[in-house]
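Enquirer: What follows is a single structure, and I will ask about it in a moment.
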Amino acid sequence: MSFNSIHFLIFLPIVVLVYWILPRRGQNIFLLLASYYFLCAIHPWFGILIALVTTVNYCCSLGMIHRPGIKKIFLISALVFSLGELAYFKYASFFLDNVAALLSAAGVPFSLPVLAVMLPVGISFYTFQAIAYTIDVYRGETKPCANLIDFALFISFFPQLVAGPIERSGHLMPQIRRRRQVSPEMIQQGLLLLFWGFFKKLVIADNTGLIAFKVFSLTDPGFYLLWSGVFAFGIQILADFWSYTDIARGSALLLGFKLSRNFDHPYFARSPADFWRRWHMTLSYWLRDYVYIPLGGSRVQSSFRRGANIMITFLLSGFWHGASWNFILWGGYHGILVLLDRVLRNLLAPVRKLLPRQLHFPVLAIKILLTFALVNIGWLMFRVTDIQTLFQYLQLTPWSSTLRDNRIAGYLFCLTLLYALPIFLHGLLYFWDIHRRGRQEEYADILLLLRPILAAVLLIGILTLRSPEPSTFIYFQF
Amino acid sequence: MSQSCPRKLFLSNPETKPKYMGKISLFFTLFSRWKTGKWFLLSAILMLLFCLFAPDIILHRIVSPRADFSRNGWWMLFYAPSHPVGVESYEVFLPAGEIVALNPDFKQARGYLFWDVPVTGPYCFKLETDDYGTLSVDGKIIATMTPDHPGKQRIDAWAHLTKGLHLFQIRMRKETGGGGFSVGFMTPPMMNSRILAGDDTAVPALGSLDFWWWVMAVAGYGLIPAWVFASFCTLSLALPLSLQNHPVSVPAAIAVALVPALFIPVTVQREPYIGTMVQQKLEAEKPDFVFIGNSMLWSRIDDDYLGQLLGGKKVHSIVNFGGLSAVHYLAFKYLLYPADIHPKRVFIFFRGNQFILPRARTDDPFVEKIIQRLTPAPDPLFEQVVHGDSRSMTDVVYDRLLALFPVAAAQAQIRKKIHYLALIPAIFGSTDDNPKKNLLARVNKRFSFAESSFRSEIGTESRRQEADENSYDFYGRVETSFLPNMLELAQKKHLPLAFIRVQERPTKNGAVPDPAELKKYMQDLRAYLEEHGATLYDFTGDPELPLSAYHDGDHIKDQKKYTELFVRRVGDLLQ
């Protein structure tokens, strides 16, 4: 079931209503059933798969406590099963294709069976969530959950099941175990997040997605036309993924749960590293805690090792997004950006100290714009799956474009900008607010008077500006 | 929270008094205290009352009693900011019924006129200008002509008027060269329109009426429905002030805040059904022959002249500009079929393979309005044929939402405005005559399938649809078209049908477009129609229809000549 389907609009109010009528013991069982229904509505087999992942990780985590002497075996078993399942469903075809290509390039005639495997929705998200839990139990950072219902709900909680945020056991599990309470404040925030999420998806993401789709459908986009399409895709992917998180957080709030934030206005990032602290934050923190730090992180002495750790983490991040070379390239590109950023920051540290105070804001603006441009180059790699086409695009020069196409590109750029305006305005207001009074929780202090106005404006916006051609969430494919 | 302001609007975190929010917060602080908030509430209520009652009071008590029926026409105000002799503006009376011309020296014009509407009902007004123009009735804009068109254009707008006096306003702004406008109206059927004129019109004795007009417009009849805004303010203020920390306050406030969406914009509504009026007219006329068609029919047959040629027989045409087979079917089913008349024959004009393309042009906004006028409620067959296999649950729910929130119907208009806004920077420095229009045309061309510039895997569905439109497989498609139902209805009421295929415009070398696959299609169509008791006549290849007989596109230059030709060719069907 997709958030932007009519089924979800019927499903959510029913779930919320029944959920609050039930006593506390029945609530988790009901939520678990609702979550499995949510997933099985897409395909019944997906339910069986998630049940397997749940059972294996549940048993292994309990095994670690009851048989501490062989807890490493339990950990390895859980990891092998979870990662094996992910590898089979997500990466097997990619791996076999590349083996076949390599062998044929080497002149060895070789044919492999074609694997027609359907990618289970949300597999990357719930697998990472399960792995994190099992590792935390192994490390002794979290107590294993003895109640299978609670644990199954932790893995399959429907608002964040398909595209995150990837929750940690330390954050979500206590909420599952305790009695939930909902305050008017949570209802307000939940409804606002839902409205804002649907606005971002139906208005911003779907409209800019149409522009990006058309540009990337052309056989011969000129330089400017191509980059106007990349800009549109950059806005689309942000609005699309952010909207999913907002709808997930909004739905969870109505049920009395608080999910983690996944975005913090990433297009206002002032460096590539800052971008990753703001974009898909739960994945970034996951990779940091379970890949980067175990590799040694930045504590290793050798600068080569430090660089290698960063590159491994980002390449894995790219590979997590999809079984395709362009995603690996995209991850590697961001790894290089982060490395360059570190080198430049060290080199320019003395200059920064000499910078007069009046120049702080212009320099900040330049940094933000530069980061935004670099991130957009990355989006080109993300969007174009065919490597040959990607390199053709990267070779385009401004002089290869016709005047006619330039004007069209200008028009598409402005159109994207108009649709993206609410996101940028939201960012500006947010940072202005932080600048004035320090960080606060989103929407917490918006006056009651403004909330209905905002909700009404967003609803009218959805009704009047929604794209005539709605699309599925981009991150569904990951 | 200080003791002095116990009625703050914050639900939580009361310590975060908006002192940190700077100047903007001052405005909201006003709302956050009952002491000051109540004055805002009172003001909003007064504004609401004013908006609800002021327009009627102004129209019926101040303006209308001063209508001057001794002069039938427009009270015009011309503006000329760059007039060579320094005249900036002047007011003048212009008799109604004349086309108002705008001298190149004058940039803008505004005019007022009263019309004493004789009968309550839906009226279709047509505004013809060659530049920007709006037509408003009682302060409400009913037609807007944008300046992005070459030469004179016509725009139709419907308004439901009650019997009695109504105030009309025309506004015009000239872009280039000279200009002019005319306002006409027509009652169904959509023929025989006439320029607004006659004894029923009057000029306002209060001169240009600018002041009162704007009061009315602001109060709620016109541009922004201010009463909606006022209701919104009133309720949004009243609810938080009264509910404060109550748990239902926010859902209730959100629900209240959405109330205005039920009414915005008030002008976008379903078009009025014209069937009853047409039926009454047909029953009064009792025509011997009825014609159904679009502009192909309109440019070819002159009703009165045909009547004369047939020795005084009565002819009635039902013309729906832009309509294709779906519209012809609906016109037949809802205008002609229920009328208590028995014409000797019903002629239906068509082009090409349209009878097996039931969905053709049904999603055009202009045609959608025609369809609304032709049907009192959605036609089941139309819904099944046009939307049957493509309407999802979402569409059904969205339709319900649309009925609840008329504002959603403005989607196309608002999208258009956004696209035009995005064009402004993109045409910067352009030397084109009409840069916006040209750029849009270029965009459409660049992203057109016809240009074949798309990757092969893209748009397979759209390509399939394009291929469908070029399909001539009559028997493969006829059962999913409107034709069987139309023939069934005709047989039920014993209405003899005659289908007239018009000849398309010949090429420059005189060749008539008639592809081989269309010939096979026509053979099948003829056989099918004859099998069901209908007749077909094909004008394709007629020697008396050379290229010189055509005006623009497939429209004929001389209506009367064609009418004569029609009598000569299908005389036996006119007996």
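The values are calculated or read from the model by the stated rules, or taken from the named source; none is laboratory data. Every value quoted in this text rests on a predicted model; they were computed, and no experiment measured them. Glycine also receives a Cβ, built like all others from the backbone with ideal geometry; neighbour counts cover every protein chain displayed. Quick note on the areas: whole protein, heavy atoms, side chains included, nothing else; ligands and nucleic acids left out. Shrake-Rupley method; radii C 1.70, N 1.55, O 1.52, S 1.80 Å.
Enquirer: Mind giving me the FRET efficiency for residue B:162 and residue B:305? R0 is 45 Å, r the Cβ-Cβ distance, nearest 0.05 is fine.
Expert: Details: r = 36 Å, r/R0 = 0.81.
So, using R0 = 45 Å, E works out to roughly 0.80.
Enquirer: Give the carbon-plus-sulfur fraction of the accessible surface of chain A in %, rounded to a whole number; probe 1.4 Å, heavy atoms of protein chains only.
Expert: Working: 14280 of 20660 Å².
C and S fraction of accessible area: 69 percent.
Enquirer: Something else about it: Go through A:429, A:329, A:395 and say which Cα lies farthest out towards the positive end of the charge dipole of chain A; charges sit on Cβ, +1 for Lys and Arg, -1 for Asp and Glu.
Expert: A:429
Enquirer: Using the charge dipole of chain A (Lys, Arg: +1 at Cβ; Asp, Glu: -1 at Cβ; taken about the Cα centre), state which of A:158, A:256, A:94 has its Cα farthest towards the positive end.
Expert: A:256
Enquirer: Sorted by accessible area with a 1.4 angstrom probe, largest first, how do A:304, A:128 fall?
Expert: Working: A:304 160, A:128 20 Å².
Per-residue accessible area, sorted high to low, gives A:304, A:128.
Enquirer: Next question, about the same structure. Once the piece of chain linking residue A:364 and residue A:17 is laid out straight, how much longer is it, given 0.36 nm per residue of separation minus the C-alpha distance between them?
Expert: Values: separation 347, 0.36 × 347 = 124.92 nm, distance 4.73 nm.
Gain in length upon complete extension: 120.2 nm.
Enquirer: Long-range amide H contacts for residue B:68: which residues qualify at under 5 Å (H placed 1.01 Å from N, peptide plane, sequence gap of 5 or more or a different chain)?
Expert: For residue B:68, the qualifying residues are B:203, B:205.
Enquirer: Give me the number: length gained by fully extending residue A:119 to residue A:67, i.e. 0.36 nm times residue separation minus the C-alpha to C-alpha distance, one decimal in nm.
Expert: My answer for the length gained is 15.2 nm.
Enquirer: Further question on the same structure: How would B:552, B:304 line up by accessible area, probe 1.4 Å, largest first?
Expert: Listed by decreasing accessible area, they come as B:304, B:552.
Enquirer: What distance in nm separates the two pseudo spin-label positions at residue A:181 and residue B:415, each 7 Å out from Cα along the beta-carbon direction?
Expert: In this crude label model, residue A:181 to residue B:415 measures out at 4.7 nm.
Enquirer: What order, most packed first, do the peptides B:554-561, A:308-315, B:292-299 have when packing is the mean number of other Cβ atoms within 10 Å of each residue?
Expert: On the way: B:554-561: 15.6, A:308-315: 20.0, B:292-299: 22.0.
My ranking of the peptides, most packed first, is B:292-299, A:308-315, B:554-561.
Enquirer: If you don't mind, there's one more thing I want to ask. On average, how many beta carbons from a partner chain sit within 10 Å of the beta carbon of a residue in A:211-222? Each step should come with its number before you reach the end.
Expert: Details: counts 1, 0, 2, 6, 2, 2, 7, 7, 6, 1, 2, 0.
If you average over the peptide's residues, the count of other-chain Cβ atoms is 3.
Enquirer: Follow-up question, since we're still on this one. With labels modelled as points extended 7 Å from the Cα through the Cβ direction, what inter-label distance (nm, one decimal) is found for residue B:438 paired with residue A:76?
Expert: 7.4 nm
Enquirer: Which residues among the range A:202-217 fall inside the zone where the amide N is under 14 Å from a point 7 Å beyond the Cα of residue A:9, along Cα→Cβ?
Expert: Output list for this probe position: A:202-203.
Enquirer: Still on this structure: Given contacts defined as C-alpha pairs under 8 Å and at least six residues apart, what's the relative contact order of the range A:6-180, whole-number percent?
Expert: 29 percent
Enquirer: At 1.4 Å probe size, put A:469, B:504 in order of accessible surface, largest to smallest. It would help to have the intermediate numbers written out before the result.
Expert: Details: A:469 110, B:504 50 Å².
The residues order as A:469, B:504, largest area first.
Enquirer: Moving on. Arranged from highest to lowest average of other beta-carbon atoms within 10 Å per residue, in what order do the peptides A:29-39, A:8-18 appear? Before the final figure, lay out the partial values.
Expert: Values: A:29-39: 19.9, A:8-18: 15.5.
Packing proxy ranking, top to bottom: A:29-39, A:8-18.
Enquirer: Could you list which residues have their amide H under 5 Å from that of residue B:345, counting only those 5 or more apart in sequence or on another chain, with H placed in the peptide plane?
Expert: B:290
Enquirer: Now for a separate question. Scan around residue A:297 for amide H atoms under 5 Å from its own, H built in the peptide plane at 1.01 Å from N, and keep only partners 5 or more places away or cross-chain.
Expert: So residue A:297 has HN proximity to no qualifying residue.
Enquirer: Could you order the peptides A:175-182, B:350-357, A:203-210 from most to least packed, using the average number of other C-beta atoms within 10 Å per residue? Working shown, then result.
Expert: Numbers: A:175-182: 13.9, B:350-357: 21.1, A:203-210: 24.9.
Ranking the peptides A:175-182, B:350-357, A:203-210 by packing returns A:203-210, B:350-357, A:175-182.
Enquirer: State, as an integer percentage, the relative contact order of the range A:16-111 based on alpha-carbon contacts under 8 Å between residues 6 or more apart.
Expert: It rounds to 13 percent for the range A:16-111.
Enquirer: Okay, moving on. Any idea what the dipole of the range A:6-180 comes to, in debye rounded to 20, about its Cα centre with Lys/Arg Cβ at +1 and Asp/Glu Cβ at -1?
Expert: 780 debye
Enquirer: Now, a different point. With a 1.4 Å probe, what is the total accessible area buried between chains B and A, in Å² rounded to the nearest 100? Kindly include the intermediate steps, with their values, before the conclusion.
Expert: Details: alone 29920 and 23330 Å², together 48010 Å².
For B against A, buried area totals roughly 5200 Å².
Enquirer: Also, I was wondering about something else. Please compute the average number of Cβ atoms from other chains found within 10 Å of each residue's Cβ in peptide A:3-15.
Expert: Details: counts 0, 1, 3, 7, 2, 0, 2, 2, 0, 0, 0, 0, 0.
Across A:3-15, the average partner-chain Cβ count within 10 Å equals 1.
Enquirer: What list of ³J(HN,Hα) couplings, whole Hz, do you get for the range A:400-413 from phi and the Karplus terms 6.51, -1.76, 1.60, once you set θ to phi - 60° and write x for glycine and proline?
Expert: So the J values, rounded to whole Hz, are 7, 9, 7, 4, 4, 5, 5, 5, 4, 4, x, 5, 5, 4.
Enquirer: With 29 Å as the limit, write out which pairs from B:314/B:557; B:281/B:344; B:416/B:557; B:281/B:561 have Cα-Cα distances beyond it, or answer none. Each step should come with its number before you reach the end.
Expert: Working: B:314/B:557 24 Å; B:281/B:344 17 Å; B:416/B:557 34 Å; B:281/B:561 27 Å.
Table pairs above 29 Å Cα-Cα are B:416/B:557.
Enquirer: Once you have a ≥ b ≥ c as the square roots of the Cα gyration tensor eigenvalues for chain A, tell me rounded if a/c is under 1.5, and otherwise prolate or oblate according to whether a/b is larger than b/c.
Expert: rounded
Enquirer: Another question, then. Just to check I understand the Karplus step: with θ = phi - 60° and J = 6.51 cos²θ - 1.76 cosθ + 1.60, what whole-Hz values come out for the range A:259-270, glycine and proline as x?
Expert: Taking θ as phi minus 60°, the curve returns 8, 6, 6, 10, 9, 9, 6, x, 7, 9, 5, 9 Hz for the range A:259-270.
Enquirer: OK, next. Counting only other chains, and only Cβ atoms inside 10 Å, what mean value do you get across the residues of A:458-467? Could you put the intermediate results ahead of the total?
Expert: On the way: counts 0, 7, 10, 1, 2, 14, 14, 5, 4, 2.
Across the residues of A:458-467, the mean count of other-chain Cβ atoms within 10 Å is 6.
Enquirer: Accessible surface of residue A:330 in the full protein assembly, 1.4 angstrom probe, to the nearest 10 Å²?
Expert: 0 Å²
Enquirer: Which value, in Å², gives the accessible area per residue of the range A:263-392 when a 1.4 Å probe is used on the protein heavy atoms? Kindly include the intermediate steps, with their values, before the conclusion.
Expert: Values: 6620 Å² over 130 residues.
Ligands and nucleic acids excluded, the result is 51 Å² per residue.
Enquirer: Please compute P(r) over all alpha-carbon pairs of the range A:6-180, binned at 10 Å starting from zero, and give each bin as a whole-number percent.
Expert: With 10 Å bins starting at 0, P(r) equals 9, 33, 30, 17, 8, 3, 0.
Enquirer: Given a cut-off of under 8 Å on Cα pairs at least six residues apart, what relative contact order in percent is computed for chain A?
Expert: Values: 559 pairs, mean separation 91.3, N = 478.
Over chain A, the number comes to 19 percent.
Enquirer: Further, regarding this structure: Could you give the length gained on full extension between residue A:91 and residue A:399, defined as 0.36 nm per residue of separation minus the Cα-Cα distance, in nm?
Expert: 106.9 nm
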